[in-house]
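> Encoded as structure tokens, here's the structure I'll be asking about.
The values are calculated or read from the model by the stated rules, or taken from the named source; none is laboratory data. Since we're looking at a predicted model, the values are computed, not measured. Positions of Cβ are generated from backbone atoms using ideal geometry, with glycine treated the same way; all protein chains shown enter the neighbour counts.
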Amino acid sequence: MKLSQVRELLNAVVLTGENHLDDEVYVGFGCDLMSDVLCYAKEGAVLLTGLSNKQVLNTAEMANMNSIVFVRNKVPNNEILELAREMDILTMTTKLILFECCGILYEHGLKGANLS
Amino acid sequence: MSYELVFDVKRGDFDKAGEASRKIKHTLQQLGVSNRIIRKISIAGYEGEMNLAIHSLGGKIILAVGENKLTLTIEDVGPGIPDIKLAMTEGFSTAGDEVRSMGFGAGMGLTNMVKNADAFEITSEINEGTKIVMNFIIQ
């Protein structure tokens, strides 16, 4: 699905990287443990997380993630958002909890990462 | 073509941690290394950089660019790892709450470096330091 559809389904607000709303995403990874993202997340996946520190962006950048959705109404500070702009990555925030976000996106065809 | 890039990493500086890995990634992109290999090096290097910030007294990351391989060396000035076998066990970590609250310290870093590198070597001396050398073959 397109990232614009992710935004609509999660009723999310785009924070940075609006130019990527037409990009496609096929896989999602919901996690607050960045160590696991680095181990298991698939390239090009949307990362859904309740953490909003700088290391979330670094993790997404190193693992070539497609975009980041901050759940539970989390919004990173301006310095972190500036870094996201520099990285040219789409970030958005939603009031929904991680469980609901994953459920909604899965129901609409987004797949999870296979740990094989 | 053969050269080295060196990046210093300070203990506990989680504001700067990640910068060296980002610079390494950009360098490799400019060199035209394939995305698949860049991702492996970026992940392994970032795990190493976070380990330096979390566990070491300070250290450096050295990227050596050779003809057919890239070598990433992560070395610090202490405190050294008392039991390397235990440290290499998935899930084992001595990281504190601050680190865990950032989403790290799950005891996955070293095993993830092994997974991504084509060759991995670790040596450590108490009070002297730890050195990790990872090689990545460029196809």
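Conditions (1) farther than 20 Å from residue B:101 by Cβ; (2) not in a loop (DSSP other than H, G, I, E, B); (3) not hydrophobic (A, V, I, L, M, F, W, C), marked per residue:
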{"residue": "A:35", "(1), (2), (3)": "no, yes, yes"}
{"residue": "A:44", "(1), (2), (3)": "yes, no, yes"}
{"residue": "A:60", "(1), (2), (3)": "no, yes, no"}
{"residue": "A:72", "(1), (2), (3)": "no, no, yes"}
{"residue": "A:75", "(1), (2), (3)": "no, no, no"}
{"residue": "A:85", "(1), (2), (3)": "yes, yes, yes"}
{"residue": "A:95", "(1), (2), (3)": "yes, no, yes"}
{"residue": "A:100", "(1), (2), (3)": "yes, yes, yes"}
{"residue": "A:114", "(1), (2), (3)": "yes, no, yes"}
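> Could you grab me the full set of residues in region A:28-49 that are within 11 Å of the chain's Cα centre (by Cα) and either aromatic (Phe, Trp, Tyr) or surrounded by fewer than 18 Cβ atoms within 10 Å (Cβ to Cβ) (or both)?
Within region A:28-49, A:29, A:44 qualify.
> Looking at A:44, A:103, which is the one that is within 25 Å of residue B:46 (Cα to Cα) and either out of contact with any helix residue (DSSP H, G or I) (no Cβ under 8 Å at 6 or more places or on another chain) or not β-branched (Val, Ile, Thr) (or both)?
Answer to the selection: A:44.
> Go through region B:95-112 and count every residue that is within 14 Å of chain A (Cβ to nearest Cβ) and not in a helix (DSSP H, G or I).
Qualifying residue count for the region: 8.
> If residue B:62 satisfies every condition in (1) crowded, with 22+ Cβ neighbours inside 10 Å; (2) outside any helix (DSSP H, G or I) but one, which is the exception?
(1)
> Follow-up. Among the residues of region B:113-133, which ones are part of a loop (DSSP other than H, G, I, E, B) and either in contact with a Ser or Thr (Cβ under 8 Å, 6 or more places away or on another chain) or β-branched (Val, Ile, Thr) (or both)?
Once the filter is applied, which keeps residues that are part of a loop (DSSP other than H, G, I, E, B) and either in contact with a Ser or Thr (Cβ under 8 Å, 6 or more places away or on another chain) or β-branched (Val, Ile, Thr) (or both), region B:113-133 yields only B:126.
> Right, next: Might you let me know whether region A:7-16 holds any residue that is closer than 23 Å to residue B:106 by Cβ, touching a residue at least 40 places away in the same chain (Cβ under 8 Å) and more than 14 Å from chain B (Cβ to nearest Cβ)?
Scanning region A:7-16 turns up no residue that is closer than 23 Å to residue B:106 by Cβ, touching a residue at least 40 places away in the same chain (Cβ under 8 Å) and more than 14 Å from chain B (Cβ to nearest Cβ).
A quick yes/no check of all residues on (1) touching a Lys or Arg at 6+ places or on another chain (Cβ under 8 Å); (2) among the hydroxyl-bearing types (Ser, Thr, Tyr); (3) within 13 Å of chain B (Cβ to nearest Cβ); (4) over 21 Å from residue A:5 (Cα atoms):
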residue	(1), (2), (3), (4)
A:25	yes, no, no, no
A:40	no, yes, yes, yes
A:44	no, no, yes, no
A:51	yes, no, yes, yes
A:57	no, no, yes, yes
A:69	no, no, no, no
A:72	yes, no, no, no
A:81	no, no, no, yes
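> Of the numbered conditions (1) modelled with pLDDT of 95 or more; (2) within 14 Å of another protein chain (Cβ to nearest Cβ); (3) crowded, with 17+ Cβ neighbours inside 10 Å, residue B:115 fails exactly one; give the number of that condition.
Just one mismatch for residue B:115, condition (3).
> Can you confirm whether region B:8-19 contains a residue that is within 12 Å of chain A (Cβ to nearest Cβ) and in a helix (DSSP H, G or I)?
yes
> To continue, here is another question. Select, from A:100, A:86, the only residue that is surrounded by fewer than 16 Cβ atoms within 10 Å (Cβ to Cβ) and farther than 21 Å from residue A:4 by Cβ.
On the way: A:100 fails: farther than 21 Å from residue A:4 by Cβ.
It is A:86.
> Moving on to the next point. Please find, among B:47, B:90, the residue that is in a loop (DSSP other than H, G, I, E, B) and either surrounded by 15 or more Cβ atoms within 10 Å (Cβ to Cβ) or within 11 Å of another protein chain (Cβ to nearest Cβ) (or both). Give the steps one after another, and end with the answer.
Details: B:47 fails: in a loop (DSSP other than H, G, I, E, B).
Only one candidate qualifies: B:90.
> Checking residue A:94 against (1) in contact with a Cys (Cβ under 9 Å, 6 or more places away or on another chain); (2) modelled with pLDDT under 95: exactly one of these is not met. Which one?
(2)
> Tell me, which residue of region B:20-44 that is of a type in the set (Ser, Thr, Tyr) and more than 9 Å from chain A (Cβ to nearest Cβ) is surrounded by the most Cβ atoms within 10 Å (Cβ to Cβ)?
Filtering first and then ranking leaves B:27.
> Something else now. At pLDDT 95 or above, closer than 24 Å to residue B:113 by Cα, assigned to a loop (DSSP other than H, G, I, E, B) and acidic (Asp, Glu): is that true of residue A:22 in this structure?
Working: at pLDDT 95 or above: yes; closer than 24 Å to residue B:113 by Cα: no; assigned to a loop (DSSP other than H, G, I, E, B): yes; acidic (Asp, Glu): yes.
Here the answer is no, as residue A:22 does not meet what is asked.
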